[in-house]
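Structure, as structure tokens:
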Amino acid sequence: MTGAALAFRATLRERDWELAVDLAAGETVAVLGPNGAGKSTLLAVLAGLLRPDTGHATLAGRELFAVGGSARDQWLPPHRRGISLLAQEALLFPHRSVLDNVAYGPLVAGASRGEARDIARRRLAEVEASELEGRRPAELSGGQAQRVALARALAPDPALLLLDEPMAALDATVAPHLRRMLRDQLRGRTTVLVTHEVLDAYTLADRVIVLDAGRIVEQGPTAEVLERPRTAFTADLAGLELLTGVRTARGLRLPDGTEVEVDSSAEADPIPAGVAVACAFRPSRVEVREADGSGVPSASGALRATITDLEPRGDVVRVRSAVITADVAVQQLAAAGWSTGDVVDFVVDPRAAVLYPR
Ligand SMILES: Nc1ncnc2c1ncn2[C@@H]1O[C@H](COP(=O)(O)OP(=O)(O)OP(=O)(O)O)[C@@H](O)[C@H]1O
């Protein structure tokens, strides 16, 4: 025994996919990544719907699979894995009542009809759906159906819960209710959550794994990964700008030689000069100034760049360039008269930037 609830490693040559994931008992891990990164592949292999070329996985001390090794392959079929999946769509049995949908798992696992219905009633109460027990799935709203689907996923008391973008198909007005419910239900439950929403990761996950092209590219405690991103994808998801370079006495030097100033006086563990670093900050903490016409940026630490795009966002306009993005007040932009193709200076607020080793 490793102490891990889930110990998983597998490869799939056809998808150039190779992953190792360990989960502690009761831990929720959010899996993030761009389209095609391999998130669904992970869920499918865990659920037993897709067979890897090589790999080994144990869940709560039981072997889920051992394939491609020297010994004979082991492969536990999906219904014997102790794993439940909640997908974007509720996928309830259309001809059964809500109660019987939720009772199905325990019934198949060997409970009597009465026991299975008792379990189902308890689970429905937990997701505030008791009054729906006599309805058919067609008589439910999207949010109600998803709550029932959550009750159904939890009814067999799975050793591992898989959530595949559970809020994605819901109205923005309904999603917060389910998110709150999930927060309560996931406490102490070993869960893998695939999501595109940073709010889901913050609200529900202890840890985050970022995938790209079938590999893990970042992982760690949720706040650490999202506040100190190492990839452009994670930075973008977290609403941060990311610059990379080398540590200098005043901040960091970018590959083009520009030095960006960062106030690191509060740094607990100073990073020595010469170390490869990343620097993250909000676009709202970047100022845009008129370029003064000389060949060098007007302010020290300014990044001179051409505006490639102007994107209105309420009372600010997102000013994009190839190197950096700034949010500028609509009035300031209008007064300055900047438009795409103009060369301007971007200045990062030294106190608003976080510097960390790459
Ligand atoms: N049925 C399939 N057969 C072959 N290759 C597939 C299949 N499904 C996905 N792939 C490939 O496997 C890789 C990982 O895809 P996967 O669906 O796991 O990504 P994802 O991170 O879930 O993406 P998304 O966010 O778009 O759902 C991609 O290169 C994809 O093209």
Taking the alpha-carbon centre of each part, the distance from the range 113-132 to the range 216-231 in Å is 38
What percent of all Cα-Cα pairs in the range 310-353 falls into each 5 Å bin, going from 0 up to the bin containing the maximum distance?
5, 21, 33, 25, 13, 4
Once phi is turned into ³J(HN,Hα) by the Karplus curve 6.51 cos²θ - 1.76 cosθ + 1.60 with θ = phi - 60°, what whole-Hz value does each residue of the range 340-351 show in order, with x for glycine and proline?
4, x, 6, 9, 9, 9, 9, 10, 7, 5, x, 7
Using a 7 Å offset from the Cα along the Cα-to-Cβ direction at both GLN332 and SER112, what is the distance between the two label points in nm, to one decimal?
7.2
What is the Å³ per residue value for the convex hull set by the Cα atoms of the range 99-179?
92
Taking only the alpha carbons of the chain, the radius of gyration and the largest Cα-Cα distance, Dmax, both in angstrom, are 24.9, 83
So for the range 202-358, Kirkwood radius off the Cα pairs, Stokes-Einstein at 37 °C and 0.692 mPa s: how many µm² s⁻¹?
198
Please arrange THR222, THR54 by how many other C-beta atoms lie within 10 Å of their C-beta, fewest to most.
THR54, THR222
Residues VAL102, VAL208, VAL198, VAL343 in order from fewest to most other beta-carbon atoms within 10 Å are VAL343, VAL198, VAL208, VAL102
Backbone N within the range 236-251 under 15 Å of label point (7 Å from VAL354 Cα along the Cβ vector)
236-243
Asserting the computed 222 nm helical MRE of the chain (DSSP H runs at least 4 long, -39500 (n - 2.57) per run, divided by residue count, to nearest 500) equals -7000 deg cm²/dmol
For each of HIS79, HIS56, HIS196, count neighbouring Cβ atoms within 10 Å of the residue's Cβ, then give the residues from fewest to most.
HIS79, HIS196, HIS56
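Throughout, read-outs are computed from the coordinates displayed, never taken from laboratory work. Since we're looking at a predicted model, the values are computed, not measured. All Cβ positions, even for glycine, are placed from backbone atoms using ideal geometry, and neighbour counts span all protein chains on display.
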